[in-house]
1. At 0.36 nm per residue, and after removing the present C-alpha to C-alpha distance, how many nm does the segment from Ile71 to Thr58 gain when stretched out fully?
2. Do the sum for the chain: with -39,500 (n - 2.57) for every DSSP H run of n ≥ 4, divided by all residues, what is the mean residue ellipticity at 222 nm, to the nearest 500 deg cm²/dmol?
3. Between Asp78 and Arg19, what is the spin-label point distance in nm, taking each point 7 Å from the Cα along the Cα→C-beta axis?
4. Looking at the chain as a GNM with Cα springs under 10 Å, which of Gln55, Gln17, Gln33 has the largest mean-square fluctuation?
5. Gly13's amide H: which non-local residues (gap 5+, or another chain) put their own amide H closer than 5 Å, with H modeled 1.01 Å from N in plane and none for Pro or chain starts?
6. Could you derive backbone 3J(HN,Hα) for segment 19-33 from the dihedral phi with the Karplus parameters 6.51, -1.76 and 1.60 (θ = phi - 60°), listing whole Hz in sequence and x where the residue is Gly or Pro?
7. How high is the relative contact order of segment 26-77? Use alpha-carbon pairs under 8 Å, at least six apart in sequence, and give a whole percent.
8. Considering amide H positions built from the backbone, and no H for Pro or chain starts, which residues 5 or more places from Lys24, or on another chain, come under 5 Å of its amide H?
Amino acid sequence: MTVPVPGPEAPYGYDPQGRSYSDKSKIVAGILQIFLGCFGIGRFYVGSVGVGIAQLLTCGGLGFWALIDGIIFLVSNDRTDKQGRVLRG
């Protein structure tokens, strides 16, 4: 199996499954979500505007949703941005 070479459509390269990497970082998204998740900032960062607004209106599910979401951003390797690209580590 050949590994695709990064190009204009995937400037950050590809993950082992052949999916292109995002310009967004899962570490930044997780930290934003843990500390500013009551405002949905981590979700807005990755382009999930609808979920970000829901978190803003519910104060991040009283903080629980925001905290759990932030932890999942940090430990998961399958989180994607608005374009469906995998978040970088």
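1. Values: separation 13, 0.36 × 13 = 4.68 nm, distance 1.85 nm.
That works out to 2.8 nm of additional length.
2. On the way: 5 runs with 42 residues, N = 89.
Result for the chain: -13000 deg cm²/dmol, rounded to the nearest 500.
3. 0.8 nm
4. Result: Gln17 has the largest fluctuation of those listed.
5. For Gly13, whose amide H was placed from the backbone, the distant partners under 5 Å are Gly7, Tyr21.
6. Per-residue couplings from phi come out as 8, 6, 7, 7, 7, 8, 9, 5, 5, 5, 4, x, 5, 4, 5 Hz.
7. On the way: 83 pairs, mean separation 23.1, N = 52.
So the answer I get is 44 percent.
8. Arg88
None of the figures in this text is laboratory data; all of them are computed from the coordinates on show. Since we're looking at a predicted model, the values are computed, not measured. With ideal geometry, Cβ positions are generated from the backbone for all residues, glycine too; neighbour counts draw on all protein chains shown.
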